[in-house]
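In what follows, a single structure is set out as structure tokens and then discussed.
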Amino acid sequence: MSIRLAFEPSGIAAAALVGETLLEAARRAGVRIGAACGGRGRCRACGVRIEGRVDEPTASDLEVFSDGELSGGWRRACQSRVVGDARVHVPPRSAAAAIARGQEDGAGHIPMAEPVAASGLGLAVDLGTTNLAAALIDLATGRVVATGAAENPQGIFGADVISRGGRALRVPGAPAELQRLAAGAITELGGALAGGRPERIVQVAVVGNSVMSHLLLGLPVDTLVKAPYQPAVAEAQDLPAAVVGIGVAPGALLHVGSNIAGFVGSDHVAALLEVLQSPPPGRWALLDIGTNTEISLFDGHRLVSASCPSGPAFEGGALSCGMRAAAGAVERAGITADGLDLATIGGEAPVGLCGSGVLSLLAGLRRTGLVDGKGRLGLGHPAIRERGEIRAVVLASEEETGGLPVLFTQADIRNVQLAKAAIRAGLDLLLDSAGLAAGDLDHLIVAGAFGKYIDLGDAAAIGMLPELPAGRFSQVGNAAGAGARRMLACHRERRRASELARRIHYLELASRPDFQKRFIQAMAM
């Protein structure tokens, strides 16, 4: 027997099967519902409001929703079984369209000493865990024709690479499905940038972390998500785009960049390729902050790289009201004596917190003493309230949102602490390996779309970055995407990228005996 579901605000109607979860039904219908934990019941990202026959709340739903919310039909889609015809209201932070922020960085014209092609369009893609960023290039002139970004649809199976890699190992057919989602997203974004004519694209270059690249290429990921944490293939790959399911011009070629090791992939190689076009003098470090943060250190003699499993907190994932950069996302939060001073993307009413907003709010809480050095949230401010056993900063109440409140909870603070501790411990251990301290750095380069929009003073306030003179910092946006453009258009840049990947020294942080000590130290605020 099938059941009729109507999803709002998309207006999509779908048939569901008795006993399947709402999240499973939504996925089949093509309805986006956030699922930062991959549908394992470990977050609140997939909260929806159901009108109609509602399943009894699970024990874990009783912990994350208030009595009023439960009686109003709020459930997590991954935990609720379909029991009858219903209307499912997806909240704005799940349904909001992604905005291309920080993806337009890079030169408007790509130098081509050795052109890859003499005509046609090329597509350079940074295949991120959370988002894809792409640029369309005129291969005859090197001119950047258009840029854009889209959400990585693989996110329905988890916000981090371990969740997706684990699914590829556990679930029959999952590798092919994950490949199809990535290739389809590249095709769709490329087609949109090409004015609805993807057949004009004759070359595609993709960079990404090692897991993303392996899933796109259909390569096994077992050695990546389990010991020895090494890629099945490190070298750059060249093959027909159609082999992996990218639907562009017949005969179009795909270039996937070289990986360095484990979780330091071709995206970081591309970022280094861009930075090394005009490297800063002296000793410097490059941090490409994302769901997986890569760090490289130049100590004056050699480059050493490491990977930090920072998780999706700084991209809005794994938080009670986190979201990607979209309309209504809080991106700045000031704390006043009687409340909060919020700035949202697009000036819309707040519906959630994106990464820069998370960092801004937590830094403000730390500066005002409302969060102590151990990350504990205190009372004593009108925006901080206790909701049952949950203590939280209330950014918008139920009355203001007309649905769930926008909260930043004690559990959210812990998640951010874990993310920032991974980043800071990684940087400190790289410095230790070179016999350096943070103050010895002449330059600290922060890359990534998130890295472009954060306030570096906020990052230092919570201990994510070291205290350095302002002149030693720079923010370069999506350097990986800019490097990918060079690799798309020029054979010489492809060779340089491959040579760079081979000569960089890799530091495996998890195997260091002092990693846990450094990580715990870096948890301090």
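The values are calculated or read from the model by the stated rules, or taken from the named source; none is laboratory data. None of the values given here were measured: they were computed from a predicted structure. Please note: Cβ atoms are built from the backbone with ideal geometry, for glycine as well, and neighbour counts cover all protein chains shown.
Can you pull out the residues in the stretch 234-273 that are assigned to a helix (DSSP H, G or I), of a type in the set (V, I, T) and buried (at least 24 other Cβ atoms within 10 Å of the Cβ)? V269 - this is the single residue of the stretch 234-273 that is assigned to a helix (DSSP H, G or I), of a type in the set (V, I, T) and buried (at least 24 other Cβ atoms within 10 Å of the Cβ). Per the listing I186, I201, I162, the residue uniquely aliphatic (A, V, I, L, M) and over 20 Å from T291 (Cα atoms) is I201. Restricting attention to the stretch 192-202 and to residues that are crowded, with 20+ Cβ neighbours inside 10 Å and in contact with a helix residue (DSSP H, G or I) (Cβ under 6 Å, 6 or more places away or on another chain), the residue that is nearest to P115 (Cα to Cα) turns out to be I201. Out of curiosity, is N209 closer than 25 Å to A146 by Cα and among the polar types (S, T, N, Q)? So N209 fits the description; yes.
Residues of the stretch 205-233 that are assigned to a loop (DSSP other than H, G, I, E, B), β-branched (V, I, T) and within 20 Å of M487 (Cα to Cα): V233 alone. Looking across the stretch 123-144 at every residue that is among the charged types (D, E, K, R) and either buried (at least 24 other Cβ atoms within 10 Å of the Cβ) or free of Cβ contacts under 8 Å to residues at least 24 places away in the same chain (or both), the one that is nearest to G317 (Cα to Cα) is identified as D126. Screening R143 on (1) among the charged types (D, E, K, R); (2) more than 17 Å from A35 (Cβ to Cβ); (3) within 25 Å of the chain's Cα centre (by Cα) shows it passes everything except condition (3).
Can you tell me which of (1) closer than 19 Å to T129 by Cα; (2) crowded, with 24+ Cβ neighbours inside 10 Å; (3) in contact with a Ser or Thr (Cβ under 8 Å, 6 or more places away or on another chain) is the one S296 doesn't meet? Answer for S296: the failing condition is (1). Scanning the stretch 394-414 for residues that are farther than 22 Å from R75 by Cα and either crowded, with 19+ Cβ neighbours inside 10 Å or modelled with pLDDT under 95 (or both) yields a single hit, I413. Would you mind stating whether A318 is among the aliphatic types (A, V, I, L, M) and touching a strand residue (DSSP E or B) at 6+ places or on another chain (Cβ under 8 Å)? Spelling it out, it is not the case that A318 is among the aliphatic types (A, V, I, L, M) and touching a strand residue (DSSP E or B) at 6+ places or on another chain (Cβ under 8 Å). Restricting attention to the stretch 333-360, the residues that are in a helix (DSSP H, G or I) and touching an Asp or Glu at 6+ places or on another chain (Cβ under 9 Å) add up to 7. For L509, the conditions (1) aliphatic (A, V, I, L, M); (2) touching a Leu at 6+ places or on another chain (Cβ under 7 Å); (3) within 30 Å of Q203 (Cα to Cα) are fulfilled apart from (3). A13 meets the conditions (1) of a type in the set (A, V, I, L, M); (2) in a loop (DSSP other than H, G, I, E, B); (3) loosely packed, with under 13 Cβ neighbours inside 10 Å in every case but one. The failed one is (2). Note on the stretch 19-44: among residues that are aliphatic (A, V, I, L, M) and modelled with pLDDT of 80 or more, the one that is nearest to the chain's Cα centre (by Cα) is I33.
Please verify whether P115 is more than 27 Å from the chain's Cα centre (by Cα), surrounded by fewer than 21 Cβ atoms within 10 Å (Cβ to Cβ) and modelled with pLDDT under 90, treating the condition exactly as stated. Judged against the criteria, P115 is not a match.
Which residues, taken from the stretch 145-200, are of a type in the set (V, I, T), more than 22 Å from A252 (Cα to Cα) and touching a residue at least 60 places away in the same chain (Cβ under 8 Å)? Across the stretch 145-200, the qualifying residues are I156, V161, I162.
Does I186 satisfy being more than 23 Å from P309 (Cα to Cα) and part of a helix (DSSP H, G or I)? So I186 passes the test. One residue stands out among those in the stretch 56-78 that are of a type outside the set (D, E) and in a helix (DSSP H, G or I): the one that is nearest to the chain's Cα centre (by Cα), which is V64.
Note on the stretch 463-499: residues that are within 24 Å of R518 (Cβ to Cβ) and under 20 Å from the mean Cα position of the chain (by Cα) total 2.
Taking the criterion of being assigned to a loop (DSSP other than H, G, I, E, B) and surrounded by fewer than 24 Cβ atoms within 10 Å (Cβ to Cβ), the residues of the stretch 276-293 that qualify are L276, Q277, S278, P279, P280, P281, G282, R283.
In summary, helices (runs of 4 or more DSSP H) completely within the stretch 363-476 and bearing 1 or more residues that are within 30 Å of H301 (Cβ to Cβ) occur at 410-433, 449-453, 456-461.
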